[in-house]
Amino acid sequence: SIPAGRSVAVVPEINPDGVAAGTRTNAHNVDLNRNFATSDWRKDITDVNNHPFPGGGGSSAMSEPETRVIAGYAASLRPSLIVSYHSIGGVVAANQAGASGAYAATYSRLSGYGNVTGQSGETFDYAISGTADDYYAQRLGIASVLVELSSHSSSQSWLNRSAMWAMLR
C-alpha cells in the first residue's frame, strides 16, 4: 500500500501514436523525448543509432501536443519526484534537481541497474537534447530519475519493485 501522506500518479505512456505504430516517434515523426523546451533543445537531432534525424526534435520546442500535455500535467501536480521508464539500457540517471542524485543512487542499489547520473555522453552513443527529465529540472525544479529498463518487452518487475517502493519513502 502507498504510505500515508503520499500519492502516486501513473501515466502509462506519453506516446500513444508510437506505441500503436511500434515506433519511437509520434504521428508527426517527432521523438517526444527530444521536444521539450530545454536549454539544449534542437530541431535536428540524431536518432538512437546516431544517424541524422532532421526535424526529429519537432518544428519548435514543445511543438507536439503530447509534450505540452505531459509538461502541463507535471506542472499542475508539482510532485517531489518523477520516475520515468524507458528502454533499453539497464541504467538509471538523475536530473539535476533536488535530491534526484540520492534517489538515483537508491534506485540503482535496489534494482541492480548502473547509476550513470552525469554521464550521458559516455553512456549513450548519440547526442541527447530536449528531454523531459531536463525540462523537469530546468523549468519546474522537479527531481526525476530516468530508468532505462534492460528489455523492450518486459517491465522487469522483479528488478524494479523494491526500488519503486523506496522512491515513496
- Item | Subset of segment 60-77 [surrounded by 14 or more Cβ atoms within 10 Å (Cβ to Cβ) and among the polar types (S, T, N, Q)] | Ser63, Thr67
- For segment 29-43, enumerate the residues that are surrounded by 12 or more Cβ atoms within 10 Å (Cβ to Cβ), closer than 29 Å to Gly141 by Cβ and of a type outside the set (A, V, I, L, M). Asp31, Asn33, Arg34, Asn35, Phe36, Thr38, Asp40, Trp41, Arg42, Lys43
- Note on the structure: Checked segment 128-143 for anything under 14 Å from Asn33 (Cα atoms) and among the polar types (S, T, N, Q); matches are Ser129, Thr131
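Here's the yes/no breakdown for (1) under 13 Å from the mean Cα position of the chain (by Cα); (2) not acidic (Asp, Glu):
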{"residue": "Thr106", "(1), (2)": "no, yes"}
{"residue": "Leu110", "(1), (2)": "no, yes"}
{"residue": "Ile128", "(1), (2)": "yes, yes"}
{"residue": "Asp133", "(1), (2)": "yes, no"}
{"residue": "Gly141", "(1), (2)": "no, yes"}
{"residue": "Glu148", "(1), (2)": "yes, no"}
{"residue": "His152", "(1), (2)": "no, yes"}
{"residue": "Trp165", "(1), (2)": "no, yes"}
- Query: Which of the residues spanning segment 45-59 are open to solvent by 40 Å² or more (accessible area, probe 1.4 Å) and farther than 18 Å from Asn15 by Cα?
  - Reply: Asn49, Asn50, His51, Pro52, Pro54
- Pick from segment 12-34, criterion in contact (Cβ under 8 Å) with a residue 40 or more places away in the chain and part of a loop (DSSP other than H, G, I, E, B), ranking: nearest to Leu146 (Cα to Cα): Ile14
- Residue that is modelled with the lowest pLDDT [pool: residues in segment 98-148 that are in contact with a strand residue (DSSP E or B) (Cβ under 7 Å, 6 or more places away or on another chain) and among the charged types (D, E, K, R)]: Glu148
- Message: Which of the helices (runs of 4 or more DSSP H) found entirely inside segment 78-169 contain at least 1 residues meeting this: open to solvent by less than 20 Å² (accessible area, probe 1.4 Å)?
- Response: 100-111, 132-135, 157-166
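The values are calculated or read from the model by the stated rules, or taken from the named source; none is laboratory data. Computed from a predicted structure; not experimentally measured. Cβ atoms come from the backbone with ideal geometry, glycine included; neighbour counts cover every protein chain shown. Remember, those area values only see protein heavy atoms, side chains included, never the ligands or the DNA or RNA. Shrake-Rupley method; radii C 1.70, N 1.55, O 1.52, S 1.80 Å.
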